[in-house]
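The values are calculated or read from the model by the stated rules, or taken from the named source; none is laboratory data. Keep in mind that what you see is a predicted model, and the values were worked out from it rather than measured. Note that we place each Cβ from the backbone using ideal geometry, even for glycine, and neighbour counts take in every protein chain shown.
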Amino acid sequence: MDAKKLEKYSSAFTLSDMEIFIFPDLLYSLVLANIMSPVIWKWRDEKWFEGMGKMQIMKRVHRVKQYIMDHYNFNLDLETWGLTDKSTEINRFREFIDPDVLSKSNALFGYEGDKYYFDIDIRKHFGLDKYDSDIIPYWKTETVEAMDAFRYKPGRIIGAGECVSLACLYAAALFIIAEIPIENIFLMGTPLHSQNFILVDDGIITNNRRIVTKSMWFNGTELSALARRALEHEQITMVAHATGYIHYIYPEATICKQEYQTFRNHLCKFLETKVSFEIFINFLRDYSRYQKLFQLVIPCQGTDKFIGLEKAFGYEHGSKNRIGDKTGKKLLCEMEEEDLSLIPVSGRILISPNDDLFAQRSYGEFLEDMNKRFPDLDSKTGLAADFRKFIHTVPRLPSSNKQFTPDFPVKINPQDSREKIIAYLSSIRNNSVVADLAFYTGRHMNICDWRPFLKAAYERNPVSVEYFSEKDPEAIYHELQKWPGESIYDSNRLALPDEVVNFKHGDGLEKAITFMNVMKSRYISFHTETQGESISVKVNDQKFCFRSLKELNLADELMS
């Protein structure tokens, strides 16, 4: 490997947000690594997924969603994967991207996103304000094994992962469990978030642990507002697919141009809706500052009664019924008589589901009629502009004006067995960079070059170094030996030192590499020997022996 390839392939192991930003191939390589992993395939044996083949597609999707919500938490902290600094990362990637472009595109280098998205200092938001301004977190994307291993951490009982980890988990699970064709799954990354868009029915967006359907996108709830923020206010950095990727910075794109156009068309259609009374009420639920401009007209026993809209919305709290939808009449019955007025509330616009203004039609026609009826409304409040944004989000996608040089497409079928998929991906490694990287991301060390793994292990695993910072080699060895000798990865796949330390589990080989990582950080020379199941690390006159069940042939020159 030349230096550039070594940097890219070593990044397949650590998978930091920065590395995925620079090497967009890595995003889909993790999806494929999770598909090759036995973990998600075992979900098929869970009682929760019985009879999936007989279910409609959306029911299958919701089954997967609930399973993920029950078994994984969202995790984003500074402690899990440690810290690095801007100068180190800029120097590392100087040959791949211009530092000025980087600073305008990545959240860790000063970019704060649209002020609608972050109205607070981003360093304070993530707890970085207590460090020097040059310090940035090593946020790393977890494999499904590392996500599951979070249950070993104190105070946790289920798995966890950050947003990119959850997006890649969803992509793999929807393919394996819900049997959604791989070509229907698109991954979207912004500087501050990661989501998927799934071509099912009107479309589905995965957002951390949850999913968002088109009707949910426009329901005006707080959860939907959180899901909307990235696409409403952020540049979509990249889109990854089975045919390749497109990145808004790079002039070349490997994704199939036709597939990208299909994605664009479906996403834009998902993000626009016709106007109805329900949609307008949902808008006012989200943009609560406009509620005081309106009052509801409520037919009641042959007469009309009136209630300020903010007071009507107050009844939604603690109720399963909602204004504007089919449960709205039930909510009206829950309202107290003293809150209903026999005369209109002075100075407020009357709205009713029977008003012709809310007949199903385009937002352009609606706004035109609304301006005619209430000419001062928009000029005084800006409501029309916000409503237009609510019902018609324009995603900031990477331009199609790229040099499309398609990669070798990945063609796998959810009806195929795991073994058949692994065999297929192995057969195209020479043709597909993302397939080749998937074996590194998935830690298949018996068929991968060791140099990228060791480079990643020794250069970008600061948590293990910090954890043992006050212990001498003998104390480090004894603590490592106390931890369970089970790897979080099956067969001949290997955990990195920081995974060993975070989860207090590791095969003897993984513990030995963790031990060596700490020695290297202190510039302490050592020598390694392997014999059968034993790996010995000699430091000065002391020999530290680790027993491994991994069947890997090690070359001492790579370990020293």
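Overview of values
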item	result
Among residues of region 237-249, those that are at pLDDT 95 or above and part of a loop (DSSP other than H, G, I, E, B), counted	2
Scope region 288-318; condition assigned to a helix (DSSP H, G or I) and among the charged types (D, E, K, R); matching residues	R289, K292, E310, K311
Which numbered condition L231 misses (of (1) buried (at least 21 other Cβ atoms within 10 Å of the Cβ); (2) modelled with pLDDT of 90 or more; (3) in contact with a strand residue (DSSP E or B) (Cβ under 6 Å, 6 or more places away or on another chain))	(3)
Residue within region 149-158 that is β-branched (V, I, T) and at pLDDT 95 or above present	yes
Out of Y28, Y67, sole residue that is in contact with a helix residue (DSSP H, G or I) (Cβ under 9 Å, 6 or more places away or on another chain), among the aromatic types (F, W, Y) and surrounded by 21 or more Cβ atoms within 10 Å (Cβ to Cβ)	Y28
Options L199, L166, L187: the member that is buried (at least 24 other Cβ atoms within 10 Å of the Cβ), closer than 27 Å to H392 by Cβ and modelled with pLDDT of 95 or more	L187
Positions within region 350-369 being touching a helix residue (DSSP H, G or I) at 6+ places or on another chain (Cβ under 6 Å), in contact (Cβ under 8 Å) with a residue 40 or more places away in the chain and not hydroxyl-bearing (S, T, Y), in sequence order	P353, F358
Boolean, T206 is in contact with a strand residue (DSSP E or B) (Cβ under 8 Å, 6 or more places away or on another chain), hydroxyl-bearing (S, T, Y) and either in the same structural domain as G328 (by TED's automatic domain parsing) or under 17 Å from A173 (Cα atoms) (or both)	yes
Single match in F306, F277 (criterion: of a type in the set (F, W, Y), in contact with a Ser or Thr (Cβ under 6 Å, 6 or more places away or on another chain) and either more than 29 Å from V394 (Cβ to Cβ) or buried (at least 20 other Cβ atoms within 10 Å of the Cβ) (or both))	F306
Residues located in region 504-543, provided they are buried (at least 23 other Cβ atoms within 10 Å of the Cβ) and in contact (Cβ under 8 Å) with a residue 60 or more places away in the chain	N517
Subset tally (residues that are of a type outside the set (F, W, Y), buried (at least 24 other Cβ atoms within 10 Å of the Cβ) and in a helix (DSSP H, G or I)) for region 436-452	3
Enumeration of residues in region 385-401 that are surrounded by 15 or more Cβ atoms within 10 Å (Cβ to Cβ), more than 18 Å from D369 (Cα to Cα) and of a type in the set (V, I, T)	T393
